[in-house]
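Q: What follows is a structure written as structure tokens; I'll ask about it next.
The values are calculated or read from the model by the stated rules, or taken from the named source; none is laboratory data. Small disclaimer: the values here were computed from a predicted structure and weren't measured. All Cβ positions, glycine included, derive from the backbone under ideal geometry; neighbour counts span all protein chains shown.
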Amino acid sequence: MFGERPLSIAPLPALWFGLGQSERLAEAVRLVGASRAFLVTDAALRHTGIPDALAKGLRATGIDVEIFDRVVANPTTDTLNAAAEVLRAFGRAAVVAVGGGSSMDVAKGVAIAGVNEGSGRDFDYRNEQPVPALAIIAVPTTSGTGSETNAFGVIDDLETHEKFYVGHESVLPRVAIIDPALTVGLPARATASTGLDALAHAIESLAAKNPNPFATAVALEAASTIATWLPIAVEDGTNLEARSQLALAAHLAGVAFASGTGLGLGHGIAHAVSAATGAVHGEVLAAVLPHLMRSNLDLRDGAYARLGTALGVGDPSRSTRENARAAIDAVATLASRVGAPATLAEQGLVAHQLDLVAVAALRDEVTLNAPAFPTVAEVRAVLDAAF
Ligand SMILES: [Zn+2]
């Protein structure tokens, strides 16, 4: 019975959305009770001038700033340890994540590591941390991860070559400042891959083992917005309307899966493929998603049919199954229209890695949220189809 499945929506970060909202960063730092800020970012973004402009704004109000700009894509235990060393030397501060998913991942790890003893895997979320994390303020510069809505970050363990989760309820960002102006310089390929990641968040949340109406409503709205505006933003990165729509939609897709649905096998596979090859998260998801949706069709055709309506390909005169198939085709078409590679082989995966990837995907806890827990053979079938 519906009422027998409890639903509780945990507090979300405060959302400050809109063009120019990043100028309120100092206000956010004071709001979390800090007078110093530790900015976590990557070198490429630093090159655009965004982190330094934010730092300048903070310093103008008397806030002491340190910038750590050595975040890499698919950050590792080495990245986390390096950031922790700089933060420990700087001292207690608000941690400000400026960038995409990788900067958020490192910010969450360092917010704990900076005030606790240990290194690398010690900060696995399953380990107790005596001291709660430093307050985090998230300033995303991509429209994809939705990472500002949850309390987990993903780090590559260089010893085991597997990803693990850093996290603690205290690393949930306190404020998410979503300023679409910061996403204008994102190149077309990164715009496409991060947008497809957000779409995957919406779809996996919608089709998860324990869906809920809150997540469904938010995910359908996010998917609809992404389908409409992603091709426009990829075509013309300076289109502020498209950038604004995508920025909020990516956040909403994060809100959907942070409401308790989690994600699913698509993310289990994406983490495993990226750990094995360094492939781009959203591109792996785009190659896998249509095949994964086909494998879930018997369990989730109703959800996919509603997705079809949200994506503008639903037809009430056709069956649920037909509308679900139309949704799957629409996802594949959107990915190809924005230039995502169609196969995993094109992204550097080689045949002998498929078994390893299947096993790692099953071990990834995100996979527990799949509509039914898959067998190795089922994961292999999805991988083979996407290969
Ligand atoms: Zn993702």
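Q: Kindly check whether there is at least one residue in segment 91-101 that is surrounded by 15 or more Cβ atoms within 10 Å (Cβ to Cβ) and at pLDDT below 95.
A: yes
Q: Right, another one. Would you confirm, using the coordinates I've provided, whether GLU283 is farther than 21 Å from ALA253 by Cα and either within 16 Å of the ligand (Cβ to nearest atom) or among the acidic types (Asp, Glu) (or both)?
A: So GLU283 does not fit the description; no.
Q: Name the residue, out of ALA217, ALA227, that is without any contact (Cβ under 8 Å) to a residue 24 or more places away in the chain, out of contact with any strand residue (DSSP E or B) (no Cβ under 9 Å at 6 or more places or on another chain) and away from the ligand (no atom under 16 Å from the Cβ).
A: The match here is ALA217.
Q: Next question, about the same structure. Filter segment 181-214 for residues that are small (Gly, Ala, Ser), within 16 Å of the ligand (Cβ to nearest atom) and within 14 Å of GLY144 (Cα to Cα); which is nearest to the chain's Cα centre (by Cα)?
A: ALA198
Q: Kindly provide the set of residues from segment 33-57 that are over 14 Å from VAL139 (Cα atoms) and surrounded by 18 or more Cβ atoms within 10 Å (Cβ to Cβ), ordered by number.
A: Across segment 33-57, the qualifying residue is only ALA34.
Q: Considering only segment 294-315, I want to know if a residue exists there that is within 29 Å of ASP156 (Cα to Cα), outside the structural domain of SER147 (by TED's automatic domain parsing), under 21 Å from the mean Cα position of the chain (by Cα) and more than 16 Å from the ligand (Cβ to nearest atom).
A: no
Q: Can you say whether ALA222 is away from the ligand (no atom under 16 Å from the Cβ), among the aliphatic types (A, V, I, L, M) and more than 30 Å from ASN116 (Cβ to Cβ), as far as the supplied structure shows?
A: So ALA222 fails the test.
Q: Within segment 150-162, count every residue that is within 12 Å of the ligand (Cβ to nearest atom) and either among the basic types (Lys, Arg) or over 17 Å from SER274 (Cβ atoms) (or both).
A: Qualifying residue count for the region: 1.
Q: Name every residue in segment 278-287 that is of a type in the set (A, V, I, L, M, F, W, C) and not in a helix (DSSP H, G or I), in order of residue number.
A: Answer for segment 278-287, where residues must be of a type in the set (A, V, I, L, M, F, W, C) and not in a helix (DSSP H, G or I): ALA279, VAL280.
Q: Still on this model: Exactly one of these conditions fails for HIS201: (1) under 30 Å from PRO231 (Cα atoms); (2) not assigned by TED's automatic domain parsing to the domain that holds ILE328. Give me its number.
A: (2)
Q: (1) under 20 Å from PRO341 (Cα atoms); (2) within 14 Å of the ligand (Cβ to nearest atom): which one isn't true of THR277, the others all being true?
A: (2)
Q: Here's a follow-up. Among what's in segment 163-177 and is among the charged types (D, E, K, R) and at pLDDT below 95, pick the residue that is farthest from the ligand (Cβ to nearest atom).
A: Here the residue is GLU169.
Quick grid of which residues meet (1) buried (at least 18 other Cβ atoms within 10 Å of the Cβ); (2) away from the ligand (no atom under 16 Å from the Cβ):
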residue	(1), (2)
ALA111	yes, yes
GLU117	no, yes
ASP122	no, yes
GLU148	yes, no
ASP179	yes, yes
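Q: While we're on this one: Working only within segment 48-64, note down all residues that are over 13 Å from ALA26 (Cβ atoms) and under 23 Å from the mean Cα position of the chain (by Cα).
A: Within segment 48-64, THR48, ILE50, PRO51 meet the criteria.
Q: From THR333, THR343, THR375, THR367, which residue is without any contact (Cβ under 8 Å) to a residue 12 or more places away in the chain, closer than 20 Å to HIS281 by Cα and β-branched (Val, Ile, Thr)?
A: Only one candidate qualifies: THR333.
Q: Pairs only if they're at least six apart or on different chains, beta carbon under 7 angstrom, first in segment 263-288 and modelled with pLDDT under 95, second within 11 Å of the ligand (Cβ to nearest atom) and not in a helix (DSSP H, G or I); list them, first residue then second.
A: So the pair list comes out as HIS271/VAL154.
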